[in-house]
Amino acid sequence: MFNYLVPIMVTFIIIYGLYKKVDIFDTFIDGVKEGINTSFKLFPTIFAMVIAITILTSSNILLDISKPLNSIFKLLSFPSEILPLAIMKPISGSSSIVILNDILNKYNPDSYIGRIASVIGGSTDTTIYIMSLYFGSIGIKKTKYALIVGLIADLLCIVIAIVTINILF
Amino acid sequence: MINYIWSFFIIFGTLYSIFKGNINLSNTLLTSGSTSIDMIFSIGSIICLWLGVMNIAMKSGLLEIFANKLSILIRFLFPEIPKGDIAISYISLNIIMNMLGLGNAATPFGLKTMKELKRLNNDSDEASRSMITFLVINTASVTIIPTTVISLRVLNGSNNPNEIVSACIITTFLSVVLALIIDRLFYFLWRKRYV
């Protein structure tokens, strides 16, 4: 049923637009123009992050660092392959997109690792980045308990993602 | 912060590769950029699709109907915001964009929300309860359709790119509810201690 969720939503929105006599085609095109701008603005950051992360992952430094911790992760049944994603996700959105792409490329999107990485990538957001952007934009200096709650939420999300994938697939 | 992370990745990656005698290093540096072009094409095309469709939803008034429905829930989550305040509609638009996995389209509404919340907090430089709740919702990210992830799964040859949608909805829902409970808990603990 979820396979048809996206097409049904799109069709519904178009039918509703026709019913309300919206100039459907031109309106759609206007949105696409905005989408092109957004994508182009995203490109430099993605480009910079791809280079940095490819260099880092091709050096295998992350694998070598996490090797001693592997037995601990096994005990917790935490797949250590997704560790880089889990660490970077709260810090930087563009770099976690790149890391996710790297994981999907290496392990196949339909594998256990690929699925867990996809769910983590899809259901948490960059806590630290959003916090600094949003608070910074209005000059908030005392952030109180915001960061700690955000990070606890991220951690919970990763745990829930792993449990959900284990149950569903 | 991003300055340090980025340089850290490159410096340590390069030094470790040289130390380990990885001869592909210069190839990696020169060719890795092309991956980003593939990525921007697949992410970009889905962003275009959604922004096009959302534009229709906006012009037809569907978005407004949805935002109104959402505002009942928002009033419950943000008891400090007065009824009918513009902040409520910004928050609902931000949440709707996040639901569709359009983080970049959600950000402008998020920034507007923060500005309004600061006004409601007498322009104090301290974070208000509503601001933190809003941030928690944003960072836990209520995503129904993870646009970027689906496009990356397509790019990497998944047989069923959409199969993770149900898992994402369950995860996102549980983590947002838990995050909001933790947010409330911290709010009361904090108030008890400092006020």
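The values are calculated or read from the model by the stated rules, or taken from the named source; none is laboratory data. Computed from a predicted model, the values in this text were never measured in an experiment. We place every Cβ from the backbone using ideal geometry, glycine too, and count neighbours over all the protein chains shown.
Residues that are within 18 Å of the chain's Cα centre (by Cα) and facing chain B (nearest Cβ under 7 Å): find the helices (runs of 4 or more DSSP H) completely inside the stretch A:36-114 holding 2 or more of those.
Because the criterion is at least 2 residues that are within 18 Å of the chain's Cα centre (by Cα) and facing chain B (nearest Cβ under 7 Å), the helices (runs of 4 or more DSSP H) in the stretch A:36-114 that meet it are A:93-107.
Quick check on the stretch A:117-128. Is at least one of its residues of a type in the set (S, T, N, Q), under 14 Å from residue B:139 (Cβ atoms) and not in a helix (DSSP H, G or I)?
yes
Would you confirm, using the coordinates I've provided, whether residue B:55 is at negative phi and buried (at least 22 other Cβ atoms within 10 Å of the Cβ)?
yes
Give the residue that is farthest from the other protein chains (Cβ to nearest Cβ), with candidates limited to residues of the stretch B:92-120 that are touching a Leu at 6+ places or on another chain (Cβ under 8 Å) and not small (Gly, Ala, Ser).
Taking the candidates together, the pick is B:93.
Checking the condition in the same structural domain as residue A:147 (by TED's automatic domain parsing) and touching a residue at least 40 places away in the same chain (Cβ under 8 Å), which residue from A:94, A:71 passes?
Every option except A:94 fails the conditions.
Quickly run through the stretch B:83-121 and pick out the residues that are in a loop (DSSP other than H, G, I, E, B) and at pLDDT 90 or above.
B:121
Hey, any hits in the stretch B:124-141 for a residue that's of a type in the set (Val, Ile, Thr) and touching a Ser or Thr at 6+ places or on another chain (Cβ under 7 Å)?
Among the residues of the stretch B:124-141, at least one is of a type in the set (Val, Ile, Thr) and touching a Ser or Thr at 6+ places or on another chain (Cβ under 7 Å), which makes the answer yes.
Here is a list: B:23, B:46, B:40. Which entry is touching a residue at least 12 places away in the same chain (Cβ under 8 Å) and farther than 15 Å from residue A:14 by Cα?
Being touching a residue at least 12 places away in the same chain (Cβ under 8 Å) and farther than 15 Å from residue A:14 by Cα holds for just one of B:23, B:46, B:40, which is B:46.
Would you check if there is a residue in the stretch B:30-42 being over 13 Å from residue A:49 (Cβ atoms) and either part of a loop (DSSP other than H, G, I, E, B) or at the interface with chain A (Cβ under 7 Å from one of its Cβ atoms) (or both)?
So far as the stretch B:30-42 goes, no, none of its residues is over 13 Å from residue A:49 (Cβ atoms) and either part of a loop (DSSP other than H, G, I, E, B) or at the interface with chain A (Cβ under 7 Å from one of its Cβ atoms) (or both).
Can you tell me which condition residue A:22 does not meet? The list is (1) surrounded by fewer than 17 Cβ atoms within 10 Å (Cβ to Cβ); (2) at the interface with another protein chain (Cβ under 7 Å from one of its Cβ atoms); (3) not in a helix (DSSP H, G or I), and all the others hold.
(1)
Looking only at the stretch B:144-195, which residues are surrounded by fewer than 21 Cβ atoms within 10 Å (Cβ to Cβ), facing chain A (nearest Cβ under 7 Å) and closer than 14 Å to residue A:157 by Cβ?
Those that are surrounded by fewer than 21 Cβ atoms within 10 Å (Cβ to Cβ), facing chain A (nearest Cβ under 7 Å) and closer than 14 Å to residue A:157 by Cβ: B:170, B:174, B:178, B:182.
Got a sec? Which of A:102, A:125 is charged (D, E, K, R), farther than 25 Å from residue B:173 by Cα and out of contact with any Asp or Glu (no Cβ under 7 Å at 6 or more places or on another chain)?
Residue meeting the stated conditions: A:102.
Kindly indicate whether residue A:160 is more than 7 Å from every other protein chain (Cβ to nearest Cβ), without any contact (Cβ under 8 Å) to a residue 60 or more places away in the chain and either of a type in the set (Ser, Thr, Tyr) or surrounded by 22 or more Cβ atoms within 10 Å (Cβ to Cβ) (or both).
No, not satisfied.
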